[in-house]
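The values are calculated or read from the model by the stated rules, or taken from the named source; none is laboratory data. These figures come from a predicted structure and were not determined experimentally. All Cβ positions, glycine included, derive from the backbone under ideal geometry; neighbour counts span all protein chains shown. Heavy atoms of the whole protein, side chains included, go into the accessibility calculation; ligands, DNA and RNA do not. Shrake-Rupley method; radii C 1.70, N 1.55, O 1.52, S 1.80 Å.
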Amino acid sequence: PTVDLRLSKAITRGVEAASPPRNKQLWFHPLDLPILSRVDADFEAAGLLSFELMLRAGQLERIRVRDLDRVNRGVWCPPHKNVVNPYLRQPNPSTWQKLTSIAALKGPNDLLFDRTAREYSKMLGDLTEREFGVRITWHALRRGGATTRVHEGQSAESVRHFGCWNTEKAISHYVFPWNDAPIRCWHTGSTPPVPPPSTSTPAKKPAGKRVRFAEPQPTRRSGNRRDDGPCA
C-alpha cells in the first residue's frame, strides 16, 4: 500500500514523545540521590547502599543486623550466584550512620531492611515517575554506582572487583556516557554542580575474622535480573 509520509512522521513523533531516551532509564545520577529521602529511613538507606556498594536488590533483602561490622564500619554483603562467601564493603560515613540508626531498633538476627526487592523497585519507579516523569528501576542504582566510579577515574578492574563482576566485559553493560544534568534537570535544562567524589572503598577483612558460610536462600523471590558473573 501507499505510505502516508505525514501520518508516519506523526506516529513517530508520538512514540518518541511517550518514550524518553534510553539513557534516561538506565542509570541513576548521583545528584538525584536526595530523592531517596522522600519516602522513609528504610527506603533511603537501602537505596544509598545499593548505589554506593553496587548491590543487587536481591542482596538487600538478605542482609541481617548482625551483618553490620561495627569495628570496620562495613557491611558483610550476602553471597550471590557463584560468589560463595559474604564479602565486606564500606559505605560512605553518612550512609553508615543511617544503617546503624535503623539497626538500633532491631535484634541481631532480624533483617536489616523491611521490604522485598520487588517492593523497592516498584516504589522507586513510582517515585521517579512522579517527580521526574521517567520511571527508573532499582537496578539503575547499581548501574549508577558503576558509572559514577568510572567517571571519577577508578579503573575498570577496580570497579569490576568492587561490584563482583566476573569479567571487564560485564562492565561495558553497566558504564554509560556521563551526563552532567541529573534527572531533575533534564526538563529544565539547568546546569548542576559537579558531583563530589565517592569515598566508598572495599574494606579489608580484619585479621582472624571467620568468614561465614552462605545462608540458605530465602523463600521469597526478588525478581532481580541475571546480569553478570561472580567476583574474581
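Restricting R62, R66, R56 to those that are free of Cβ contacts under 8 Å to residues at least 60 places away in the same chain and not aliphatic (A, V, I, L, M) reduces the list to R66. For L48, the criteria (1) touching a helix residue (DSSP H, G or I) at 6+ places or on another chain (Cβ under 8 Å); (2) surrounded by fewer than 19 Cβ atoms within 10 Å (Cβ to Cβ) hold in every case but one, which is (2). Residue pairs whose Cβ atoms lie under 6 Å apart, separated by 6 or more positions or on different chains, with the first residue in the range 131-155 and touching a residue at least 40 places away in the same chain (Cβ under 8 Å) and the second open to solvent by 20 Å² or more (accessible area, probe 1.4 Å) and β-branched (V, I, T), are A146/V175; T147/V175. For H80, the conditions (1) open to solvent by 70 Å² or more (accessible area, probe 1.4 Å); (2) on the phi < 0 side of the Ramachandran plot are fulfilled apart from (1). Residues that are open to solvent by 70 Å² or more (accessible area, probe 1.4 Å) and in a helix (DSSP H, G or I) within the range 99-109 comprise just one, S101. Selection of the range 115-138 for residues being in a helix (DSSP H, G or I) and under 15 Å from H29 (Cβ atoms) yields L124, L127, T128, E131, F132.
So which residues in the range 155-173 are in a loop (DSSP other than H, G, I, E, B) and hydrophobic (A, V, I, L, M, F, W, C), if there are any at all? Those that are in a loop (DSSP other than H, G, I, E, B) and hydrophobic (A, V, I, L, M, F, W, C): C164, W165.
For the criterion of being under 14 Å from W138 (Cα atoms) and buried (at least 24 other Cβ atoms within 10 Å of the Cβ), F28 passes.
When the residues of the range 115-165 are filtered to those that are among the acidic types (D, E) and either modelled with pLDDT of 90 or more or touching a strand residue (DSSP E or B) at 6+ places or on another chain (Cβ under 6 Å) (or both), which remaining residue is surrounded by the most Cβ atoms within 10 Å (Cβ to Cβ)? Among them, the one singled out is E119. Of all residues in the range 76-97, those that are out of contact with any strand residue (DSSP E or B) (no Cβ under 6 Å at 6 or more places or on another chain) and under 15 Å from L141 (Cβ atoms) total 3.
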